[in-house]
Amino acid sequence: MTFLRSLTISLLAVICVSPLQAQSNFKTAQLTFTTIDVPGAHYTGVFGINSTGDMVGNYGQDTNVDSHGFLYSNGTFTYFDYPGQTFTVPGGINDAGLIVGYAGRNPVVGFLYDGASFTKIQHGSDSATPALGLNNAAEVVGGTGTIYTTKAFDLRNGHYRIINFPGPYVYAYANGINNVGEIVGYTINGSYQDGYAVKNGRFLKVDFPGAPLTQARGLNDSGVIVGWYNLGSSTDFAFALMNGKYISFRYPGARGTFASGINFSGQIVGEYTFDFSTYHGFVTSPITAEDF
C-alpha cells in the first residue's frame, strides 16, 4: 500500500453520508476484469497503462513495510527497485516505455526510469516529491512539499509549475496528465477529498454525486477520467467520467475497487481488495462512449 492510499483510507471511518444520495445520478458499468498478480506477492497494484497495454505497478509482502516496482508487458513481469530503497512505487508509463514513480518513505523522491537507469525528481529542498503521472512528452505531474503537507506540480522541460487547486486543503496531488496537457488530481482537507481536472487553464471539480470522498487518478486523450469514491459506507467504488456523465463499477464482491489509470483504447487499471490487507491488480475490458 502506498503512503498516499494509507492516508486516504484511514479517513473513511469519520465520513457519514447516506449511499442513497447518489443512486439516481449514475449508471453501473458491466466491465470484464482480468486480475494481475505478481507470483508469490501478498499484494499487487496496477497504476498505469500505455496505449500498447504495457502496465506498471507495485507489489510486496507487507503494504506497510515493502514496495517494489514492476513492468508487465506481453504476459511477462520485469521487476525493479530504485537504488538503495526498499519502497518503490511506479505511477505511470508512456508510449515510449518511460516509467514515472517515487521511492522512499521520508524523504520521498520522484523518478523517471527508462528500463536501464533512474533520473531523480526533487523539487528544490522539499522532502517529499512523489511523481505520479506523465505523458508522451515526458511532462510529469505529482505532489511536492513534505509528508505532512503538499501542493500539486507540473514538471515540463525541467521547470516546475505549482498547481493551486481551489479551496482549502492540506494535501494536493496531480495524478494524471494526457497528451493534450489536461491534468487530473485531488485534494485532502480533513475527512473530505475532492477530485479536480485542469482543462484549458480552468479547474473543473470532479466529485462523484453525493460522495464526500473522490479521488481523480487518471485520464486518457479522449478526456475520460477515472478514479474512486466512497459514499460513507465500508465499500469503495471505482468510477469513470465522460462529458459530465459518471459510471460506477467494482470488482465483484470486493470491499474496495480503486481505478488508477486508463489508456487510449479505454482499458482501465487499478486494484481491488476484499479485506484491505491483500490487494490484487486488475485491467478491465475497454470502456466506450456507449457505456455512458
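The values are calculated or read from the model by the stated rules, or taken from the named source; none is laboratory data. It should be emphasised that the depicted structure is a prediction, and the values quoted were computed from it without experimental measurement. Cβ sites come from the backbone with ideal geometry, for glycine too, and all protein chains shown count toward neighbours. With ligands, DNA and RNA removed, areas are computed over all heavy atoms of the protein, side chains included. Shrake-Rupley method; radii C 1.70, N 1.55, O 1.52, S 1.80 Å.
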Taking every DSSP beta bridge with both residues inside the stretch 152-287, roughly what % is antiparallel (nearest 5)? 95
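Hey, what did the chain get for relative contact order, percent, Cα under 8 Å, at least 6 apart? Write out the running numbers ahead of the final one.
On the way: 830 pairs, mean separation 49.9, N = 292.
Over the chain, the number comes to 17 percent.
Using the per-residue mean of other Cβ atoms lying within 10 Å as a proxy for protection, in what order, highest first, do the peptides 67-74, 251-258 fall?
Values: 67-74: 20.2, 251-258: 18.4.
Descending packing order for the listed peptides: 67-74, 251-258.
For every other residue with a beta carbon closer than 11 angstrom to the beta carbon of Gly97, add +1 if it is Lys or Arg and -1 if Asp or Glu, then tell me the sum. Spell out each step's value before the answer.
Numbers: positive: none; negative: Asp54, Asp95, Asp114.
In short, -3.
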XL table Lys120/Lys205; Lys120/Lys199; Lys151/Lys205; Cα-Cα > 20 Å flagged, in table order, is Lys120/Lys205; Lys120/Lys199
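Might you tell me the accessible area per residue for the chain, computed with a 1.4 Å probe and given in Å²?
Heavy-atom accessible area per residue stands at 40 Å².
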Counting Lys and Arg as +1 and Asp and Glu as -1 over every other residue whose Cβ sits under 13 Å from the Cβ of Phe111, the net charge comes to -1
Excluding Asn179 itself, what net charge comes from residues whose Cβ is under 11 Å from its Cβ, given Lys and Arg +1 and Asp and Glu -1? -4
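Using a probe of 1.4 angstrom, how much of the accessible area of the stretch 104-229 is carbon and sulfur, in percent? Could the numbers behind the result be given before it?
Numbers: 2340 of 4880 Å².
After summing per-atom areas, the C and S share lands at 48 percent.
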Residues whose built amide H sits under 5 Å from the amide H of His42, excluding neighbours closer than 5 in sequence, are Gly60, Gln61
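Would you mind getting me the FRET efficiency between Ala138 and Ser277? Use the beta-carbon distance for r and R0 = 25 Å, nearest 0.05. Don't jump to the answer; show the numbers that get you there.
On the way: r = 36 Å, r/R0 = 1.43.
The value I calculate is 0.10.
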